[in-house]
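Following: one structure in structure tokens, then a few remarks.
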Amino acid sequence: MTLRSSSRTHLLLVNPAQAQWLDAQGQALPEPPSAAVGVRVVADLVEETHVRIEVPGLLGGDRQSFIQVQYQTLLPDVPLHASWEPASAQPLLPKPFGLHAVGVSSPMLMGQLDALVQARHPIEGVWTLSYLMAHWAALQAHLPRQGWLLLCLCLPYGMRMVLLQDRVPVFSRLLLETEPDLQAREVALTLKYLADNRIIERDTRPQVLSMDPAPDLRASLQNQGLPLLPAVAPRKAASMLAEVLALAGQRAPGQLAAADLRRHHLAQRARQGLRVATVVVLLTGLAALALQGQALLGGAEQSRARVQQATNMEAQAQAIREDLARRQINVPLLRLALEVQRQELDQGLDPAQPLWMLGQMLQAHPQAQLVRTEQALRAQACPGAQPAGAEATPVAQANAALQAEWQFEIRPDAGLLPRQRQALLEALGQSVGAWPQWQVKIDPVRLESATALAGGQNNTADVAANTWRWCLGLRTADAAAVGEPS
């Protein structure tokens, strides 16, 4: 077994012969340690009683009060008592269960504890050697988990016997005898006593484990006809007693000492916890300060980068101003041109789509020739235009948005007859009127609709020389609503 206790803790083995100081490894000490060293007390006394407490289906404070009353009833005037089962093993639901408890009432043990308190030794806890032996057996994988088992541990002043039922201690006895033959005979008498008092059934023969590899004791036990298990040698300690004593600690069951008896040890642990918490808080604060400092450094670096960027931009602007002055460029006029480009030229239309539609229309009518096309932004598109059935267009204000205007002129072939010329004009007018994004402002079809068709050779040349001019504006939402048939 590995020792989990601190190297600054010491053991005090209280027995009927003489209380013995031991170090953390279970080795005997020539003199008691200093007062600042913690002490783990192990009691191996005759005044040890094992009882079973039957707890009914209670919960909370009622359950704990019933258990305390049973302690006073079954272990009267016993100042030190504890149960094998911890509080975490008790059922959560209100159902009956049993507790196996041990009590020690020894003036010698209480005197040793009073002496430790007066010497200001931090008492880590008090355990019985029988519970430590049962705890050791529970950690052994090769031992049976069910049934009866009798542990026998040889001591310098005698032998401690502990009876386990399903690895739970239910009986113990301290034998103050060192002779192997007498020890084996007392083991047999103890088993007979257990059977006579109905602690075990008469036909039950518990297995016996000798925790001492001495051949003399094993031979004496075999002579008594007892069922023996193979002897177990210590693994991590010099002796089996030292290995069992090393189990005394926080994980060992059966803590007998109350909180007031361990107040110095608990206060010391609280101080250690506060120190650890202080160190953790300090480290956390330092880490937060480091992160904050890193963030501040990052912000300063970004500020320096922005200042450097502004300096570079100012240098570039100064270089541009010097270049403009060297080239004798009128800066106010350049600004005016840029403002015109921003306000007017950027609002213009891409001529690709209108020219594509115009080309498609002319391709379908080869008798028509394009004379001129023009796009412009004006305060009012196609001024002077008055479509039929429309109200008068109001005069555009000076600060109104500019309107896109598209004008184009088409000339028919000179050899067309008047009826062919009229049919071509109507076909072109239908194509132009079908364009969805444009609204016809000036329509030559409407202008020539009232003119009578005239033939003859005298006016043929004059008619052929005429051109048809369309003027279109972008179709707005209001214009689209007006143009839709009701």
| request: Excluding residues on the same chain fewer than 8 positions from Lys95, give the aspartates and glutamates whose Cα lies under 15 Å from its Cα. | output: Glu54, Asp62
| field | Reachable aspartates and glutamates, given that their alpha-carbon falls under 12 Å from the alpha-carbon of Lys192 and they are not under 8 places away in the same chain | value | Glu201, Asp203
| task | Could you calculate the contour length gain from Gln369 to Gln353, that is, 0.36 nm times the residue separation minus the distance between their Cα atoms, to one decimal place in nm? | result | 3.9 nm
| note | Probe 1.4 Å, all chains present, heavy atoms only: Glu54 accessible area in Å², nearest 10, is 110 Å²
| message | If R₀ is 22 angstrom, what is the calculated FRET efficiency for the pair Ala376 and Leu338, using the beta carbon separation as r and rounding to 0.05? | response | 0.65
| task | Give the distance, in whole Å, between the Cα centre of region 5-77 and the Cα centre of region 350-373. | result | 112 Å
| note | Check: C-alpha center region 217-250 vs C-alpha center region 174-206, spacing in Å is 17 Å
| query | According to a simple spin-label model (label point 7 Å from Cα along Cα-to-Cβ), what is the distance in nm between Lys192 and Leu139? | reply | 3.7 nm
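On a 1.4 Å probe surface of the protein chains, which of Cys382, Cys154 comes out largest in accessible area, and what is the full order?
Values: Cys382 5, Cys154 30 Å².
Ranked from most to least accessible, the order is Cys154, Cys382.
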| field | region 41-132, relative contact order in percent, only Cα pairs under 8 angstrom and at least six apart counted | value | 45 percent
| message | Below 8 Å, C-alpha to C-alpha, sequence gap of six or more: please give me the relative contact order for region 149-254 in percent. | response | 24 percent
| message | Below 18 Å, Cα to Cα, which aspartates and glutamates can Lys441 reach? Residues fewer than 8 away in the same chain don't count. | response | Glu374, Glu391, Glu405, Glu409, Glu426, Asp478, Glu484
| said: If I ignore ligands, DNA and RNA and count only protein heavy atoms, how much of Ser210 is accessible to a 1.4 Å probe, in Å² to the nearest 10? | reply: 0 Å²
| message | What does the extension gain come out to for Glu409 and Ala288, with contour length at 0.36 nm per residue minus their alpha carbon separation? | response | 35.7 nm
| remark: Measuring from its Cα centre, region 1-127 shows a charge dipole (+1 at each Lys and Arg Cβ, -1 at each Asp and Glu Cβ) which, in debye to the nearest 20, is 360 debye
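The values are calculated or read from the model by the stated rules, or taken from the named source; none is laboratory data. All figures in this text were calculated on a predicted structure; none of them were measured in a lab. Virtual Cβ from ideal backbone geometry, glycine too; neighbours counted across all protein chains shown. Accessible surface is based on the protein model in full, side chains and every heavy atom, while ligands, DNA and RNA are left aside. Shrake-Rupley method; radii C 1.70, N 1.55, O 1.52, S 1.80 Å.
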